[in-house]
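Structure first, then comments.
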Amino acid sequence: MTQAPERKRHNEPAASKAQLFDYRQAANPVRPGLTDPIPYRSWGPELHEQGPTGVLPLDLSAELGVAGPATSPALAAHFIRIEAGEGVRAAAEVTSSLFFVLSGSGVCRVRPADGSSPRDAEIHWQQGDLFVLPAGGTPLLEASSTSVLYWVHDGPLLSYLGVSPSAARFEPTHYSAAWMQAELEELARQPGSVSSNRVSLLLANRDLPSTRTVTHVLWAMFGIVPAGATQAPHRHQSVALDLIINCHPGVYTLVGTELNSDGSIRNPRRIDWQSGGAFITPPGHWHSHVNESGEPAWLLPIQDAGLHTYLRSLDIRFA
Ligand SMILES: [Fe+2]
């Protein structure tokens, strides 16, 4: 900080918090202890395989220095385990909530907080389904068979901005497992897909045509990494909170900050996949999925790429 003589400051309360920094000391404040970088982290399925009904946040808020729970600066991911016949409320101030059903079945009920409807919206979910909910109400998730859901929302972004949502930007929207799986199989059968190492569907909403994302903030992809595939590296400025839906041992992601001259990732970290596990891909890091398991593997990355697309800051690049 520059040591300006105090007499040059205005002697009024509104000046008491004002600071001036030398540009070179403040131009990039992303460093440990200041604005902490987003770490590599993974979580295994043992977190949700047993135990009582409850919400299990994948919480890195202390490491990130933000209000919690938070898994990245803008997003919070959780596992929700619900015993058969029980229910849990997914309470958070958000503009977007995304739920993916890893196992089980049940119903989600939510009443619009703005009073636009006196009736609960109901989404009946089964294994493999995905649904998104906008701002308003507190969803009640009731399991008819013991269930595990992956829940991602943008509460940390709202908390950082110091705002409460004032409007729902889309309607509750349900993507059934049967529909997504049939569309993915159809895509895999297309001639161009045989040689492709990326067979994936991007989830979108008719009310959000410009971003082609699952909500105006969240982005979701339902994809297969075929047996034997080694994807060319790519990167983007959105954070990915990756959920592994199903895989056999031998599937992994390589991640790193730089490329070699042949386009491979320099000194990559290897993140091994686990069915029902999750991991973080930090923004701007090159990443490549590799499947040496001999069987196809299914993944569902959730990102804040709806927001980045709107800001024109996604900067997706392929090696
Ligand atoms: Fe990616």
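The values are calculated or read from the model by the stated rules, or taken from the named source; none is laboratory data. Computed from a predicted model, the values in this text were never measured in an experiment. Neighbour counts run over all protein chains shown; Cβ positions are idealised from the backbone, glycine included. When the accessible area is computed, the model is the full protein with side chains, heavy atoms only, and any ligands, DNA or RNA have been set aside. Shrake-Rupley method; radii C 1.70, N 1.55, O 1.52, S 1.80 Å.
In percent, rounded to a whole number, the relative contact order of the chain is 16, using alpha-carbon pairs under 8 Å and six or more apart. The residues Ser200, Ser16, sorted by heavy-atom accessible surface at 1.4 Å with ligands and nucleic acids left out, run Ser16, Ser200 from largest to smallest. Rounded to the nearest 0.05, the FRET efficiency derived from the C-beta distance between Gln50 and Phe21 at R0 = 51 Å is 0.50. Considering only Asp262, Asp154, Asp242, the mean-square fluctuation computed in a Gaussian network model of the chain, springs between alpha carbons under 10 angstrom, is largest for Asp262. Per residue, the chain reaches -3000 deg cm²/dmol at 222 nm when only DSSP H runs of four or more residues are counted, each adding -39500 (n - 2.57). 3J(HN,Hα) couplings calculated from phi for segment 28-38 with the Karplus curve 6.51 cos²θ - 1.76 cosθ + 1.60 (θ = phi - 60°) are, in sequence order, 10, x, 7, 7, x, x, 10, 10, 5, x, 7 Hz; Gly and Pro show x. Surface composition of segment 42-318: carbon plus sulfur atoms contribute 50% of the solvent-accessible area (1.4 Å probe, protein chains only, all chains present). Averaged over its residues, segment 42-318 has an accessible area of 45 Å² per residue, based on protein heavy atoms and a 1.4 Å probe. Other residues whose C-beta falls under 14 angstrom from the C-beta of Ile265 contribute a net charge of +3, scoring Lys and Arg +1 and Asp and Glu -1.
Keeping all protein chains in place and using 1.4 angstrom, which order do Trp273, Trp298 fall into by accessible surface area, from largest down?
The residues order as Trp298, Trp273, largest area first.
Net charge around Thr215, counting only other residues with Cβ within less than 14 Å of its Cβ (Lys, Arg = +1; Asp, Glu = -1)? Net charge in that neighbourhood comes out at -1. Each Cα pair under 8 Å and six or more residues apart adds its separation to the average, and for segment 76-146 the resulting relative contact order is 48 percent.
Computed from point charges on the beta carbon alone (+1 for Lys and Arg, -1 for Asp and Glu), the dipole magnitude for the chain about its Cα centre is near 1080 Debye. Using the beta-carbon distance between Ser144 and His10 and R0 = 41 Å, what value does 1/(1 + (r/R0)^6) give for FRET efficiency, to the nearest 0.05? E(calc), rounded to 0.05, equals 0.05. The largest accessible area among Tyr252, Tyr160 belongs to the first residue in Tyr160, Tyr252, and the rest follow in falling order (1.4 Å probe, all chains). Work out which GluC sites (Glu not before Pro) in the chain are exposed loop sites (DSSP not H, G, I, E or B, at most 15 other Cβ within 10 Å) and give the longest gap free of them. Free of exposed loop sites, the longest segment is 94-257.
Quote the FRET efficiency, to the nearest 0.05, computed for Ala319 versus Glu171 with a Förster distance R0 of 41 Å and r equal to the Cβ-Cβ distance.
According to the calculation, E is roughly 0.60.
The convex hull defined by the C-alpha atoms of segment 42-318 has an orientation-averaged projected area of 14.8 nm².
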